[in-house]
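The values are calculated or read from the model by the stated rules, or taken from the named source; none is laboratory data. These figures come from a predicted structure and were not determined experimentally. Cβ sites come from the backbone with ideal geometry, for glycine too, and all protein chains shown count toward neighbours.
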Amino acid sequence: MTRPVPDRRADYKHFQAMPTRWADNDVYGHVNNSVYYFFFDTLVNEWLINQSLLEIGKSETIGLVVETRCNFFAPITYPDVIHGGLRVSKIGSSSVTYEIGLFKNDENEASAKGHFVHVYVDETTRRPVRLSDVMRAKLDKLSV
């Protein structure tokens, strides 16, 4: 198996700054591994909200995470500011694979990278629904 390597900022299409918090550090003096998934979730959902693709508590279609992964390359520590890079590697009929790079402060190499696979479902029935043309057009702008 090939060992993953850190991505560079230029590999991503959208960025959002996210500050670390004191409580994010663990007893080993760095941000706990579980917190990286909060950064992933925040980045993806913030983008969806800003694109008017998600309205919390009101959207008829929502994305459920069915797969996630993270590779760690360098520690992040409070009070670092994370710059989350976002891109889309796959758009299916009802699913999207979002790829995320977490960049510490001004560093050009990712401290971590990962992905989320969302399956979009009817909010009530939880059955998969086809992605709308509007959503596909906005996702295409993040596609690599």
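Please list, ordered by first then second residue, the pairs with beta carbon atoms under 7 Å, 6 or more apart or interchain, first in segment 68-92 and under 14 Å from N33 (Cβ atoms) and surrounded by 14 or more Cβ atoms within 10 Å (Cβ to Cβ), second among the hydrophobic types (A, V, I, L, M, F, W, C) and modelled with pLDDT under 95.
T68/F116
Just a yes or no: is a residue in segment 12-29 closer than 24 Å to H118 by Cβ, polar (S, T, N, Q) and in a strand (DSSP E or B)?
The answer is yes; a qualifying residue exists.
Which condition breaks for I56 when tested against (1) over 15 Å from the mean Cα position of the chain (by Cα); (2) within 23 Å of V35 (Cβ to Cβ); (3) surrounded by fewer than 18 Cβ atoms within 10 Å (Cβ to Cβ); (4) touching a residue at least 24 places away in the same chain (Cβ under 8 Å)?
For I56, the exception is condition (4).
Do the conditions hold for D41, that is, is it of a type outside the set (G, A, S) and within 16 Å of the chain's Cα centre (by Cα)?
Yes: the conditions hold for D41.
Taking the conditions exactly as written (within 23 Å of E55 (Cβ to Cβ) and surrounded by 17 or more Cβ atoms within 10 Å (Cβ to Cβ)), does V65 satisfy them or not?
Criteria not met by V65.
Tell me which residues, restricted to segment 97-129, are more than 11 Å from the chain's Cα centre (by Cα) and surrounded by 21 or more Cβ atoms within 10 Å (Cβ to Cβ).
F103, A110, S111, A112, Y120
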